[in-house]
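Colleague: Let me give you the structure first, and then I'll get to my questions.
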Amino acid sequence: MKKIAIFASGTGTNAEILIRHFEMHMDAQVTLLISNRADAGAVKMAQEYGVETMIVDREQFYSTRSVLDELKIRAIDMIVLAGFLWLIPEILILAYRNRIINIHPALLPKFGGKGMYGKHVHAAVLAAGEKESGITIHLVNENFDEGDHIAQFTCAVDAGDTIETLAAKVQRLEHEHFASAIERML
């Protein structure tokens, strides 16, 4: 059985979809959720599903091997970023090369990079007058949002769309496609 660790900083809607998808899966299961915020909704949600949680601070994440050591102790096979806002340190990139997956709420390479998350991405898409947006599921490397693409899914940007309506369209795509893309990577 493959073991998946989710890294999340926010409400945890994508993390919940993944936990539920793999809950009764024969080949993989989410066994750990790591967050940089103790008050993140993702932490409470994971605990409700009986998934072990771990809170990390910036010093621990970037200046020690403790996160890598904890992943190794738990025999984690894959890391999935589900709204995790910190850049992944090189030590994790090297240990989990081609086994760290992220979901980005836009069609990369446009609208990616540091600071491009959540409503900031959707505001940029609308300000640019784009006719479509979507999601990019990609491998993680040393730079924000620059890893090889696994899949992209699109939605129309309509004339009356707001940040909120576009975010809802993009989130529907995330919930529909993220788990199956991870399953294919396993």
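Colleague: State yes or no: is LYS119 assigned to a loop (DSSP other than H, G, I, E, B) and at negative phi? Walk me through it before giving the result.
Modeller: Numbers: assigned to a loop (DSSP other than H, G, I, E, B): no; at negative phi: yes.
No; evaluated as a whole, the condition is false for this residue.
Colleague: Next question. Which condition number does SER35 fail, the rest of (1) surrounded by 23 or more Cβ atoms within 10 Å (Cβ to Cβ); (2) at pLDDT below 95; (3) of a type outside the set (Val, Ile, Thr) being met?
Modeller: Tallying (1) surrounded by 23 or more Cβ atoms within 10 Å (Cβ to Cβ); (2) at pLDDT below 95; (3) of a type outside the set (Val, Ile, Thr), SER35 fails exactly one: (2).
Colleague: Here's another thing I want to ask about it. Of (1) among the aliphatic types (A, V, I, L, M); (2) open to solvent by 80 Å² or more (accessible area, probe 1.4 Å); (3) under 15 Å from the mean Cα position of the chain (by Cα), ILE6 satisfies all except one. Which?
Modeller: ILE6 satisfies all of (1) among the aliphatic types (A, V, I, L, M); (2) open to solvent by 80 Å² or more (accessible area, probe 1.4 Å); (3) under 15 Å from the mean Cα position of the chain (by Cα) except (2).
Colleague: Something else about it: Report, by residue number, each residue of the range 156-172 that is open to solvent by 20 Å² or more (accessible area, probe 1.4 Å) and under 19 Å from ALA82 (Cβ atoms).
Modeller: ALA167, ALA168, LYS169, GLN171, ARG172
Colleague: Quickly run through the range 44-88 and pick out the residues that are part of a loop (DSSP other than H, G, I, E, B), open to solvent by 50 Å² or more (accessible area, probe 1.4 Å) and under 24 Å from ASN98 (Cα atoms). First the steps, then the outcome.
Modeller: We begin by selecting, within the range 44-88, every residue part of a loop (DSSP other than H, G, I, E, B); these are 49-51, 56-57, 64-65, 74-77, 82-88.
Filter again for open to solvent by 50 Å² or more (accessible area, probe 1.4 Å), leaving 49-50, 57, 64-65, 74-75, 85, 87.
Result: THR64, ARG65, ARG74, ALA75, LEU85, LEU87.
Colleague: Out of VAL43, VAL67, which single residue is over 20 Å from HIS175 (Cα atoms) and free of Cβ contacts under 8 Å to residues at least 40 places away in the same chain?
Modeller: Matching residue, one of VAL43, VAL67: VAL67.
Colleague: Further question: For a quick check of your reading of the model, give me the residue pairs whose first member lies in the range 94-114 and is under 10 Å from SER133 (Cα atoms) and touching a residue at least 12 places away in the same chain (Cβ under 8 Å), whose second is of a type in the set (S, T, N, Q) and open to solvent by 10 Å² or more (accessible area, probe 1.4 Å), with beta-carbon atoms closer than 6 Å and at least 6 apart or on different chains.
Modeller: What qualifies is LEU107/GLN152.
Colleague: Tally time: how many residues in the range 1-14 are outside any helix (DSSP H, G or I) and in contact with an Asp or Glu (Cβ under 6 Å, 6 or more places away or on another chain)?
Modeller: Adding up the residues that qualify gives 2.
Colleague: Taking only pairs six or more apart or across chains, which ones have beta-carbon atoms under 7 Å, a first residue in the range 124-151 that is of a type in the set (S, T, N, Q), and a second residue that is assigned to a strand (DSSP E or B) and open to solvent by less than 30 Å² (accessible area, probe 1.4 Å)?
Modeller: The qualifying pairs are SER133/CYS155; THR136/HIS104.
Colleague: Right, ILE137: open to solvent by less than 20 Å² (accessible area, probe 1.4 Å), at pLDDT 95 or above, under 15 Å from the mean Cα position of the chain (by Cα) and among the aliphatic types (A, V, I, L, M) or not? Don't jump to the end; show me each part of the working.
Modeller: Working: open to solvent by less than 20 Å² (accessible area, probe 1.4 Å): yes; at pLDDT 95 or above: yes; under 15 Å from the mean Cα position of the chain (by Cα): yes; among the aliphatic types (A, V, I, L, M): yes.
So ILE137 fits the description; yes.
Colleague: Being open to solvent by 50 Å² or more (accessible area, probe 1.4 Å) and under 23 Å from ILE6 (Cβ atoms): is that true of GLU176 here?
Modeller: Taking the combined requirement at face value, the residue satisfies it.
Colleague: Let me ask another. Which number in (1) touching a Gly at 6+ places or on another chain (Cβ under 8 Å); (2) over 24 Å from LEU186 (Cβ atoms) marks the one condition that ASN141 misses?
Modeller: Just one mismatch for ASN141, condition (2).
Colleague: Could you tell me whether ILE17 is closer than 17 Å to ILE137 by Cβ, part of a helix (DSSP H, G or I) and aliphatic (A, V, I, L, M)?
Modeller: Working: closer than 17 Å to ILE137 by Cβ: yes; part of a helix (DSSP H, G or I): yes; aliphatic (A, V, I, L, M): yes.
Against the criterion (closer than 17 Å to ILE137 by Cβ, part of a helix (DSSP H, G or I) and aliphatic (A, V, I, L, M)), ILE17 qualifies.
Colleague: Something else about it: Please state which of the following conditions ASP77 fails to meet, knowing it meets all the rest: (1) more than 26 Å from VAL121 (Cα to Cα); (2) without any contact (Cβ under 8 Å) to a residue 40 or more places away in the chain; (3) among the acidic types (Asp, Glu).
Modeller: Among (1) more than 26 Å from VAL121 (Cα to Cα); (2) without any contact (Cβ under 8 Å) to a residue 40 or more places away in the chain; (3) among the acidic types (Asp, Glu), the lone unmet condition for ASP77 is (2).
Colleague: Return only the number of the condition from (1) closer than 24 Å to SER180 by Cα; (2) in contact with a Lys or Arg (Cβ under 8 Å, 6 or more places away or on another chain) that LEU139 does not satisfy.
Modeller: In the conditions (1) closer than 24 Å to SER180 by Cα; (2) in contact with a Lys or Arg (Cβ under 8 Å, 6 or more places away or on another chain), LEU139 misses (2) alone.
The values are calculated or read from the model by the stated rules, or taken from the named source; none is laboratory data. This structure is a prediction, so every number in the text was calculated from the model and none was measured. Cβ atoms come from the backbone with ideal geometry, glycine included; neighbour counts cover every protein chain shown. What goes into the accessible areas is simple: the full protein's heavy atoms, side chains included, and nothing from ligands, DNA or RNA. Shrake-Rupley method; radii C 1.70, N 1.55, O 1.52, S 1.80 Å.
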